[in-house]
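Presented below is the structure to which this report refers.
The values are calculated or read from the model by the stated rules, or taken from the named source; none is laboratory data. Everything numeric in this text was worked out from a predicted model, so none of it was measured. Note that each Cβ is placed from the backbone with ideal geometry, even for glycine, and that neighbours are counted across all protein chains shown. Please note that ligands, DNA and RNA were not included when accessible areas were found on the heavy atoms of the full protein model with its side chains. Shrake-Rupley method; radii C 1.70, N 1.55, O 1.52, S 1.80 Å.
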Amino acid sequence: EAVGFTADALANGAVALAAITPYFLPATQSGVHDYFDQIRKAAPNVELYAYLFPDRTSVHVLPEDTAQLVADFDLVGVKVSIAGVGYVTDLIAALPNGRRVFSGNDGLQVAVAQAGGAGVISGVSSALPAPFVAVSVTRRVPRSSGVPLMVAVPSDLDVKNIPSGSRPLMVTRA
């Protein structure tokens, strides 16, 4: 099924994909490895991320095993939807240089960046981009942190009047 979704995404112009681990029934580590092998073979020329969300998939992948997946399948990075920053910190330590780690937890934006992560891929910002950007800029990300605020927003959202403080506001148009 995931390979079919991958093919559909590629046929519709996708240049980057986040593949969530198998779900519904727990998979073994070798099963997860085989799964990413199939995804990479179906999408050999795209930026591919692993997406770990054990609370939804029942699949728990240790940081060192995730690092091995990244190396084996030339993954660009990982999105981690796991509580706290402990896993993110351990994963960053295990990964090859230049790989990106994102959190799926909107409230961990600063903590993830301080741990060496690339930021947050936010479900809230996808549904409510203007309030997310405003709250992130004015409350969650201290102006003195130097942490850039990165958010994907719809092409019709006006971000010119959102104060970004002393750090850059990097916007990716969706």
Study note, to complete from the structure: Quick count over the stretch 10-25, residues being in contact (Cβ under 8 Å) with a residue 24 or more places away in the chain, over 12 Å from L75 (Cβ atoms) and either surrounded by fewer than 19 Cβ atoms within 10 Å (Cβ to Cβ) or basic (K, R) (or both), is 7
Study note, to complete from the structure: Residue count, the stretch 71-80, condition more than 16 Å from S103 (Cα to Cα) and β-branched (V, I, T), comes to 0
Point to revise | In the stretch 16-66, the residues that are more than 17 Å from the chain's Cα centre (by Cα) and of a type in the set (G, A, S) | key: A27, S30, G31, A42, A43, S58
**Study point:** Residue list for the stretch 116-125, filter: farther than 13 Å from V80 by Cα and either at pLDDT 85 or above or out of contact with any strand residue (DSSP E or B) (no Cβ under 7 Å at 6 or more places or on another chain) (or both)
**Key:** G116, V124
**Study point:** Options T6, T28, T89: the member that is open to solvent by less than 50 Å² (accessible area, probe 1.4 Å) and not basic (K, R)
**Key:** T6
Exercise for review: Answer yes or no: is there a residue in the stretch 53-65 that is open to solvent by 30 Å² or more (accessible area, probe 1.4 Å) and farther than 21 Å from P26 by Cβ.
Suggested key: no
